[in-house]
1. Can you report the principal axis dimensions of the chain using only the alpha carbons, biggest first, rounded to whole angstrom?
2. Percent of alpha carbon pairs in the range 1-112 separated by more than 17 Å?
3. Does a label point 7 Å from the Cα of residue 98, set along Cα-to-beta-carbon, have any residues of the range 45-79 with amide nitrogen under 16 Å, and which are they?
4. Keeping the other protein chains in place, figure out the carbon and sulfur percent of the accessible area of the chain, with a 1.4 Å probe.
5. Under the rule that an exposed site lies in a DSSP loop and has at most 12 other Cβ atoms within 10 Å, name the longest stretch of the chain with no trypsin sites (Lys or Arg not before Pro) of that kind, not counting the sites themselves.
6. Output needed for the range 75-165: three equivalent-ellipsoid semi-axes, defined as square roots of 5 times the C-alpha gyration tensor eigenvalues, in descending order, whole Å.
7. So, for the chain, what is the accessible surface per residue at a probe of 1.4 Å, expressed in square angstrom?
8. Along the charge dipole of the range 1-154, which of 25, 92, 118 sits closest to the positive end, that is, farthest toward it, with unit charges on the beta carbon of Lys, Arg, Asp and Glu (+1, +1, -1, -1)?
Amino acid sequence: MAFILGSGSPRRLDLLAQLGITPDAVRPPEIDETPAKGELPRAYCTRISREKVAAVEAGPDDIVLCADTTVALGRRILGKPADAGEAAEFLHALSGRRHRVITAVAVRCGGRLWERDVVSQVKVKRLSVPEVNRYLATDDWKGKAGAYAIQGPAGAFIPWISGSFSAIVGLPLAETAALLAAAGHPKFKGDT
């Protein structure tokens, strides 16, 4: 039995390490992450994590974990910005408002699938144009849903959250541990 992380995210590796887990392999899947027309953020996030875990090559006894984190402003999905201009647009849209961060986790072993999603609320303080420009110059927005990472320099913009900090970073630890235990991960044997 091998444990495979289906993600190239260094943050997810760090979060798994907090659980005392090092994957036997890291295999980020290549899937189309384009939202379907009219797809709502929570349904989108769940679908993407399910498609990711299905796309990872694994043996019948291997445990595969994939996750997807989405920033939702109302019904709008704020994915990874294509460029600094789109990142600025996202940050100005989030400025002074609350939004949701949804992280869906999918764990597969053989033909079985365990899933969970976690929704957290995040408030971004009102941002000035110079603050946004200084942040964009850090390049920390690249590859980040909603153009920010709470554990990076943008943490200075976030006065309040409600929910799971680790889910906002990219992997809800309590829920992930429960899913891995359900799938029979050796680290959690006897805990269920």
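The values are calculated or read from the model by the stated rules, or taken from the named source; none is laboratory data. Just so we're clear, the structure is a prediction, and the values are computed from it rather than from any experiment. Virtual Cβ from ideal backbone geometry, glycine too; neighbours counted across all protein chains shown. Quick note on the areas: whole protein, heavy atoms, side chains included, nothing else; ligands and nucleic acids left out. Shrake-Rupley method; radii C 1.70, N 1.55, O 1.52, S 1.80 Å.
1. The principal-axis extents, from largest down, are 52, 33, 25 Å.
2. 59
3. What the label zone holds, given the 16 Å backbone N cut-off, is 72-75.
4. 50
5. Numbers: sites that count: 37, 75, 126, 189.
Within the chain, the longest run free of exposed trypsin sites (Lys or Arg not before Pro) spans 127-188.
6. 27, 15, 11
7. Value returned for the chain: 47 Å² of accessible area per residue.
8. 92
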